[in-house]
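The values are calculated or read from the model by the stated rules, or taken from the named source; none is laboratory data. Being a predicted model, the structure only gives us computed values, none of them experimental. All Cβ positions, glycine included, derive from the backbone under ideal geometry; neighbour counts span all protein chains shown.
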Amino acid sequence: MNLRSLVLCSDEKILRVLRRVLGDLEIAMEECSDSDSAVRQLTRKRFEAVIVDCDDEELAAQVLACVRSAPCNKRSIAVAMIDGQKALRSAFALGAHFVLYKPISAERARTSFRAAYALMKCERRRNIRIAMQIPVTLIGKMASGQKAPFTSDIGLGGMSLKLARRSRNSGPLRIRFTLPGTEHAVECGAQVAWEGSGSQAGIRFVDVPADQWNHLKEWLARHSNEIAQDDPPTVCKLTDLSLGGCYLEMLAPFPVHTRVVLTMNIAKLEGHVEGRVRVMHPEHGMGVEFTRTTQQQRERLEKFIQALNSNKDARPELLVAPEGLGDDDEAVPQPPSEEEIEDPLLDLFRRSSDLTPDSFQAELHQQRSTTSTTAHSVSA
């Protein structure tokens, strides 16, 4: 898997550190000393990571905006190098997923890039396409009057279809298909990502159930030698838990909106739950909101919390692994349910944009001492 990074930086000391760290991870590094050349490269080549020195915030903003607008790099992992906490909000507002605090040390960079590397591989996997033709069932306005469409290629994030006619107003869609050589049907939500000049259209998968996501990922890995194995999950410390989410302490947390899978081992029991990162504090931890869209996910979450409550004297081993960045539309906040309104931890996650990291931690600490451990908050 040939991962590539673009680095906008003119500081030779920083570049030496990045060459060493990225070289150890086998990530190719292309260097630019000015924003104009960086923008040109972003419009011509695909990079799995874009690393920007934010010493000049205006130029950094120009390059990071280009990352999001360039079709081939809109899902690149953006890393901002900043001068301390005061620039943290600005870096995330500019579109950075990770930050590196100056002065850049090899140890600090290595820790952050291990997390970024795992996400880079996830996003690279989404871009890999396997050519094939299988019948597909579409449910929704787009499918009205259509003959059975066929795929022309498929990847982890979606597929391209050959349609009998172009769609006008697709509206909500669901898609169902069976992968060659299997009897397991994949069914999930879908969105039209693009439409070609003829009968071709690109479909993006939405809200894929975890078991079907894993089935699709394993099938793609068997049929493409470009897909590298996942990195081992990262060990983290569970400090706060509610029915809706948890807070995890770890040195290299994942960016906001990242889809993650948590694996817990406690008292010879193992449990898995899915979630999305809603709060991220570099070099400290992250808040994860549990995914509860299916009955299977809700049942796994209940078993997960029950196991923790039943073994309060045991220290759980908790691992976290990324499944990829969330899509832009998934980042839009949805109106909270009645259950979520009554969850103090989720409420704190939603208010985190108005809080500094220190004030967030202060409120989190206060919740631990005031919230019932049998209701919504469990401190582990």
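Does Ser224 fit the bill of being in contact (Cβ under 8 Å) with a residue 60 or more places away in the chain, in contact with a strand residue (DSSP E or B) (Cβ under 9 Å, 6 or more places away or on another chain) and either buried (at least 19 other Cβ atoms within 10 Å of the Cβ) or not polar (S, T, N, Q) (or both)? If you could, list the steps in order and put the result at the bottom.
Working: in contact (Cβ under 8 Å) with a residue 60 or more places away in the chain: yes; in contact with a strand residue (DSSP E or B) (Cβ under 9 Å, 6 or more places away or on another chain): yes; either buried (at least 19 other Cβ atoms within 10 Å of the Cβ) or not polar (S, T, N, Q) (or both): no.
So Ser224 does not fit the description; no.
For (1) within 30 Å of Pro180 (Cβ to Cβ); (2) at pLDDT 90 or above, each residue gets a yes or a no:
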site: Ser224; (1), (2): yes, no
site: Gln229; (1), (2): yes, no
site: Cys236; (1), (2): no, yes
site: Leu243; (1), (2): no, no
site: Leu248; (1), (2): no, yes
site: Val256; (1), (2): no, yes
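Tell me the residue from Ala106, Ala118 that is surrounded by fewer than 17 Cβ atoms within 10 Å (Cβ to Cβ) and among the aliphatic types (A, V, I, L, M), please. Before you say what the answer is, go through the steps one by one.
Numbers: Ala118 fails: surrounded by fewer than 17 Cβ atoms within 10 Å (Cβ to Cβ).
Checking each option against the conditions leaves just Ala106.
Could you run through the stretch 1-60 and say how many residues are buried (at least 20 other Cβ atoms within 10 Å of the Cβ) and among the hydroxyl-bearing types (Ser, Thr, Tyr)?
Total meeting the criteria: 1.
Take Ala106 and tell me if it is at pLDDT below 90 and within 18 Å of Ile14 (Cβ to Cβ).
On the way: at pLDDT below 90: no; within 18 Å of Ile14 (Cβ to Cβ): yes.
When the stated conditions are applied, Ala106 does not pass them.
Restrict the check to the stretch 213-226 and report whether at least one residue is in contact with a His (Cβ under 6 Å, 6 or more places away or on another chain), within 30 Å of Ala109 (Cβ to Cβ) and assigned to a loop (DSSP other than H, G, I, E, B). Can you show your working first?
Taking the stretch 213-226 first, the residues in contact with a His (Cβ under 6 Å, 6 or more places away or on another chain) are 215.
Narrowing the set further to residues that are within 30 Å of Ala109 (Cβ to Cβ) leaves none.
There is no residue in the stretch 213-226 that is in contact with a His (Cβ under 6 Å, 6 or more places away or on another chain), within 30 Å of Ala109 (Cβ to Cβ) and assigned to a loop (DSSP other than H, G, I, E, B).
Would you point out which residue out of Val206, Val186 is within 18 Å of Arg129 (Cα to Cα), in contact with a Leu (Cβ under 7 Å, 6 or more places away or on another chain) and touching a residue at least 24 places away in the same chain (Cβ under 8 Å)? Walk me through how you get there before you give the answer.
Working: Val206 fails: in contact with a Leu (Cβ under 7 Å, 6 or more places away or on another chain).
Just one listed residue meets the conditions, Val186.
If you go through the stretch 108-130 one residue at a time, how many are of a type outside the set (Lys, Arg) and not in a helix (DSSP H, G or I)?
The first filter runs over the stretch 108-130 and keeps only residues of a type outside the set (Lys, Arg), leaving 109, 111-113, 115-120, 122-123, 127-128, 130.
Restricting the remaining residues to those that are not in a helix (DSSP H, G or I) gives 128, 130.
Matching residues across the stretch 108-130 total 2.
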